[in-house]
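Chemist: Here it is: the structure, laid out below.
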């Protein structure tokens with residue numbers, strides 16, 4: 001019998017400004033339909049933790065296709081295993097900010113690891129006090145003056161990094177970790 005692994009699927013740009021609306025109960029039901037065990041959602045921003053024995057490479061495409069079929073729009077889905085999520089937390093290059101200001105520490109989980117030259121270009125494009133670091137396919141961003149007023153937007157980040165991603169603040173990162181632990 002195949003071994004089940006725990007994963008989190010991060011849905012990009014859902015339930016924002018009345019666009020790409022997915023009720024979390026409907027997302028959980030879709031996950032069950034796709035064969036994912038015990039799906040649990042967090043917030044309305046598209047975070048769902050589940051277990052499955054399916055091959056990792058099939059999870060994001062299956063969920064994205066299911067969302068398009070059920071809800072009528074295409075979105076990016078990024079998947080991380082529980083081990084990858086723990087490593088993402090351990091790799092945080094901004095431990096002080098994680099404690100002092102977790103709402104302004106953001107992790108962008110990307111579809112691929114950004115190249116060093118792209119990270120350097122992004123760093124050079126920062127006009128405020130924001131800071132950026134990367135570890136693998138994760139980009140860590142600190143917004144000491146707030147996210148809403150920053151000129152370091154997702155569009156700027158993705159343009160420089162040449163990869164797509166979806167971001168979660170540190171509070172959400174730690175809540176996803178708690179879901180993995182069954183809390």
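Chemist: Give me the percent relative contact order of the chain, please, defined on Cα pairs under 8 angstrom at least 6 residues apart.
Modeler: Details: 290 pairs, mean separation 42.2, N = 183.
This gives 23 percent for the chain.
Chemist: Could you pull the Cα extents of the chain along its three principal axes, largest to smallest, in whole Å?
Modeler: 49, 32, 28
Chemist: Roughly speaking, what is the stretch gain from residue 103 to residue 126, that is 0.36 nm per residue apart minus the C-alpha to C-alpha distance, in nm to one decimal?
Modeler: Working: separation 23, 0.36 × 23 = 8.28 nm, distance 1.94 nm.
The residue 103-residue 126 span can extend by a further 6.3 nm.
Chemist: May I pose another question? If you take the beta carbon distance between residue 37 and residue 117 as r and set R0 to 25 Å, what does 1/(1 + (r/R0)^6) give as a FRET efficiency, to the nearest 0.05? Numbers along the way, then the final one.
Modeler: On the way: r = 41 Å, r/R0 = 1.65.
Once rounded, the FRET efficiency stands at 0.05.
Chemist: Where does helix 56-71 land angle-wise versus the long Cα axis of the chain, in degrees 0 to 90, nearest 10?
Modeler: That works out to roughly 80 degrees.
Chemist: How far apart, in nm, are the 7 Å Cα→Cβ label points at residue 5 and residue 175?
Modeler: Spacing of the two 7 Å Cα→Cβ label points: 2.6 nm.
Chemist: Could you list 14, 147 so that the one with the fewest beta carbons within 10 Å of its beta carbon is first and the one with the most is last? Spell out each step's value before the answer.
Modeler: Working: 14 20, 147 15.
The most exposed by this proxy come first: 147, 14.
Chemist: Does anyone have the angle between helix 116-125 and the longest principal axis of the chain? Alpha-carbon axes, 0 to 90°, nearest 10?
Modeler: Here the helix axis deviates by roughly 60 degrees.
Chemist: In addition: Per the helix-only calculation at 222 nm, which mean residue ellipticity applies to the chain, given -39500 (n - 2.57) for every DSSP H run of n ≥ 4 and division by its residues, nearest 500 deg cm²/dmol?
Modeler: Values: 7 runs with 70 residues, N = 183.
Here the helix-only value at 222 nm equals -11000 deg cm²/dmol.
Chemist: Kindly put 152, 34 in sequence by how many other C-beta atoms sit within 10 Å of each C-beta, fewest to most.
Modeler: On the way: 152 22, 34 17.
Ranking 152, 34 by Cβ neighbours within 10 Å, fewest first, gives 34, 152.
Chemist: Given the Cα-Cα distance of residue 25 and residue 13 and 0.36 nm per residue of separation, how much length would full extension add, in nm? Provide the component values of the computation, followed by the final result.
Modeler: Details: separation 12, 0.36 × 12 = 4.32 nm, distance 1.75 nm.
The residue 25-residue 13 span can extend by a further 2.6 nm.
Chemist: Let me ask you something else. Taking 0.36 nm per residue of sequence separation and subtracting the Cα-Cα distance, how much length would be gained by fully extending the chain between residue 70 and residue 164, in nm to one decimal?
Modeler: Numbers: separation 94, 0.36 × 94 = 33.84 nm, distance 2.31 nm.
Fully extending the segment from residue 70 to residue 164 adds 31.5 nm.
Chemist: Same structure again: Taking the range 82-183, how much of its Cα-Cα pair set, in percent, is spaced more than 18 angstrom apart? Working shown, then result.
Modeler: On the way: 2247 of 5151 pairs.
Above the 18 Å cut-off, the range 82-183 has 44 percent of its Cα pairs.
Chemist: What does the convex hull of the alpha-carbon atoms of the range 5-84 project to on average, in nm²?
Modeler: Working: hull surface 18.5 nm².
Averaging across all directions leaves 4.6 nm² for the Cα convex hull.
Chemist: Let me ask you something else. Give me 73, 36 ranked fewest to most by other Cβ atoms within 10 Å of their Cβ, as a rough exposure proxy. Each step should come with its number before you reach the end.
Modeler: Working: 73 13, 36 23.
Starting with the residue having the fewest Cβ neighbours, the order is 73, 36.
Taken together, the values in this text are just the output of simple stated rules run on the coordinates, not laboratory data. A quick note: this is a predicted structure, and the numbers were derived from the prediction, not measured. As a convention, Cβ positions derive from the backbone with ideal geometry for all residues, glycine included, and neighbour counts pool all protein chains shown.
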